[in-house]
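The values are calculated or read from the model by the stated rules, or taken from the named source; none is laboratory data. Computed from a prediction, not measured in an experiment: that's the story for all the values here. Counting neighbours? That spans all protein chains shown, and the Cβs are built from the backbone with ideal geometry, glycine included.
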């Protein structure tokens, strides 16, 4: 396990253990883990499943750091991941009667892609809807890439 000190910021493998008497003359005394460098408080750190850097729990979402989550948020990636989260929407009855769902989806995708070149789409909104889910998709994508 690895740890990072809240006070000095240094990382270490094993904390020092000190005995806290709380001013009492007799035990039992409390054993407390502290940073071996400054005797401060620390947090356990974990490896990001994408980049391999170490972060505290509150800096990871489903085991992925924010830098990795937002690094390659592209229209195509959001489109690819969004295919797993299809939603039903209300659509004009005439359009629904003359076009199948695949054709409607293709036309919408092409038009949104064109429009996004003029008026950028905030892709982060899609990520923020369910950041944990998005992080899990990145992990799956990395694992699939490693298979080949």
Members of the range 133-148 found to be closer than 13 Å to residue 77 by Cβ and not in a helix (DSSP H, G or I), listed by number | none
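Hey, does the range 113-131 have a residue that's in contact with a helix residue (DSSP H, G or I) (Cβ under 8 Å, 6 or more places away or on another chain), in a helix (DSSP H, G or I) and under 30 Å from residue 3 (Cα atoms)?
In the first step, residues of the range 113-131 are kept if they are in contact with a helix residue (DSSP H, G or I) (Cβ under 8 Å, 6 or more places away or on another chain); the result is 113, 116, 121, 123-124, 126-127, 131.
This time we only want the ones that are in a helix (DSSP H, G or I), so: 113, 116, 123-124, 126-127, 131.
If we keep only those that are under 30 Å from residue 3 (Cα atoms) as well, we get 127, 131.
Yes, the conditions are met somewhere in the range 113-131.
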Go through the range 21-35 and count every residue that is assigned to a loop (DSSP other than H, G, I, E, B) and surrounded by 14 or more Cβ atoms within 10 Å (Cβ to Cβ).
-> 1
Kindly list, by first and then second residue, each pair from a residue in the range 89-113 that is under 18 Å from residue 74 (Cα atoms) to a residue that is not in a helix (DSSP H, G or I), limited to pairs with Cβ atoms under 8 Å and residues at least 6 apart or on different chains.
-> 112/121
Count - residues of the range 58-81 that are touching a helix residue (DSSP H, G or I) at 6+ places or on another chain (Cβ under 9 Å), part of a helix (DSSP H, G or I) and within 30 Å of residue 6 (Cβ to Cβ) = 5
If you check 100, 84, which single one turns out to be in contact with a helix residue (DSSP H, G or I) (Cβ under 8 Å, 6 or more places away or on another chain) and either exposed (fewer than 11 other Cβ atoms within 10 Å of the Cβ) or in the same structural domain as residue 6 (by TED's automatic domain parsing) (or both)?
-> 84
Given (1) within 19 Å of residue 86 (Cβ to Cβ); (2) at pLDDT 95 or above; (3) surrounded by 13 or more Cβ atoms within 10 Å (Cβ to Cβ), where does residue 107 come up short, assuming only one miss?
-> (3)
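Is the range 36-44 home to any residue that is in a helix (DSSP H, G or I) and either surrounded by 13 or more Cβ atoms within 10 Å (Cβ to Cβ) or not assigned by TED's automatic domain parsing to the domain that holds residue 20 (or both)?
Let us first name the residues in the range 36-44 that are in a helix (DSSP H, G or I), namely none.
For the range 36-44, residues in a helix (DSSP H, G or I) and either surrounded by 13 or more Cβ atoms within 10 Å (Cβ to Cβ) or not assigned by TED's automatic domain parsing to the domain that holds residue 20 (or both): absent.
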Considering the range 39-80 alone, what residues qualify as being more than 15 Å from the chain's Cα centre (by Cα) and on the phi > 0 side of the Ramachandran plot?
-> 39
Please work out if residue 76 is modelled with pLDDT under 95 and closer than 25 Å to residue 120 by Cβ.
-> yes
